Amino acid sequence: MGSQWNQMGSQLMHFSIFRDAIDRCERVLKPHGVDIKHIITTDDNSIFDNILNSFVGITAIQLGLVEILRALEIEPDGLLGHSLGELGCAYADNCMTLEQTILASFARGKASLEAKLVKGMMAAIGMSHSEIISQLPETIDVACHNSDSSCTISGPTADVDKFVIELKSKGVFAKSVNVGNIAYHSRYIQPAAPILMKYLKEVLPGKTKRSKKWITTSVPKENWNSELAAYSSPEYHTNNLLSPVLLEEVLKYVPSNAVVIEIAPHGLLQAILKRAFRSSVTNVTLTNRASSDGVEFLLDAIGE
């Protein structure tokens, strides 16, 4: 979340492989009243005020980019997903069809809108989860363990805003994230769980064994042998919504000579990944919202 931006898919639509993936997304979302092409190409600044648009928009971009990598026979030795990105992992790991993946993302957005939730906020912080935990107000949770120098917090809007100001006054990096006033990966998202589970069971009637390539970021290592961790299932993806993102803990499984490709509408995690790996790996992002030519940027990234 936070990698979404206006017209994020406009230039990528020049790639027929990407466009075909979006066409398939369009066919399954249209009956639900969602215009995915409009969402990823419009210059409307308010389009992502609706969190459902953020979910399906980000996922659609990820699906199209995975298809481009597959066409080029760039096959991953490992997969890591950050929050919603675990749906992208499910697709890349052949645990879900493209249609199931975009509908699962739609379900996540729908459940978020239908649940009665407190007005929430998330914020990126320039401290690790272990460093900030002792300073956290009682009402705020650590939502994402990003690296040994970064985490994301989640909680009621007023409390998070106040804490962000406090951290900034101490010279700590702190920045709010646009999450549609919802405190994801915290205790405050719990009311959405049964709604999401219901919708996911309609989209995913069964469960699929996850390959060893896909390293989970939503189940702690001590539970990796559990049934929950073994399968891509409605239970797994509901747990993903509720649980902290454990990216920091699993980055150590990335080999020192790896090429790490970030698959998102914008390379939001690049700064975190570069600090985490200390130049021991090659970091590549396929997209950048600041680029004047998304086609050239993607082709340069593939070359790199």
Determine, for each peptide in 165-177, 56-68, 87-99, the mean count of other beta carbons within 10 angstrom over its residues, then list the peptides with the highest first. 56-68, 87-99, 165-177
Three-way shape label, the chain, alpha-carbon gyration tensor, a/c 1.5: rounded
Compute the distance from the alpha-carbon center of the range 206-220 to that of the range 55-105, in whole Å. 14 Å
Highest to lowest packing among 35-43, 11-19, scored as the average C-beta count within 10 Å: 35-43, 11-19
What residues qualify as long-range amide H neighbours of residue 117, i.e. H under 5 Å apart, gap of 5 or more or another chain, H built at 1.01 Å from N? none
When only Cα pairs under 8 Å and 6 or more residues apart are kept, what is the percent relative contact order across the chain? 20 percent
Could you pull out every residue, at least 5 positions away or on a different chain, whose amide H is within less than 5 Å of the one on residue 266? Hs are placed 1.01 Å off N in the peptide plane, and Pro or chain starts have none. none
Note, the range 215-222: 3J(HN,Hα) by Karplus (6.51, -1.76, 1.60, θ = phi - 60°), whole Hz, Gly/Pro = x, goes 8, 5, 10, 10, 10, x, 4, 5
Which whole-Hz ³J(HN,Hα) couplings does the range 5-15 yield from phi under the Karplus relation 6.51 cos²θ - 1.76 cosθ + 1.60, θ = phi - 60°, glycine and proline marked x? 7, 4, 6, 5, x, 4, 6, 5, 5, 5, 8
Where the range 144-296 is the region considered: accessible area per residue in Å², 1.4 Å probe: 48 Å²
Using a 1.4 Å probe over the heavy atoms of the protein chains, calculate the carbon and sulfur portion of the accessible area of the range 172-235 as a whole percent. 56 percent
Run the numbers on the range 7-72 and let me know its relative contact order in percent, using alpha-carbon pairs under 8 Å that are six or more apart. 42 percent
Total charge of the residues flanking residue 150 in space, meaning their Cβ is under 12 Å from its Cβ, with Lys and Arg +1 and Asp and Glu -1, is 0
Sequence ranges 247-253, 195-201, ranked by mean other-Cβ count within 10 angstrom, highest first: 195-201, 247-253
Of every hundred units of 1.4 Å-probe accessible area on the range 38-154, the number belonging to carbon and sulfur atoms, as a percent, is 48 percent
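Would you list 5, 224 from the most to the least accessible area, probe 1.4 Å?
224, 5
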Considering only protein heavy atoms, what per residue accessible area in square angstrom results for the range 1-122 with a 1.4 angstrom probe? 40 Å²
Name the residues whose placed amide hydrogens come within less than 5 Å of the amide hydrogen of residue 231, ignoring near sequence neighbours (fewer than 5 apart) on the same chain. 210
Let me have the 222 nm mean residue ellipticity of the chain computed from DSSP H runs of 4+ only, each contributing -39500 (n - 2.57), with the sum over all residues rounded to the nearest 500. -12500 deg cm²/dmol
Karplus 3J(HN,Hα) series, Hz, for the range 290-302 with 6.51 cos²θ - 1.76 cosθ + 1.60 (x for Gly, Pro): 7, 6, 7, 9, x, 5, 5, 4, 5, 5, 4, 5, 4
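The values are calculated or read from the model by the stated rules, or taken from the named source; none is laboratory data. What you see is a predicted model; the values in this text were computed from it and never measured. Reconstructed Cβ throughout: ideal geometry from the backbone, glycine too, with neighbour counts over all protein chains shown. Just the protein is used for accessible areas: all its heavy atoms, side chains included, with ligands, DNA and RNA removed. Shrake-Rupley method; radii C 1.70, N 1.55, O 1.52, S 1.80 Å.
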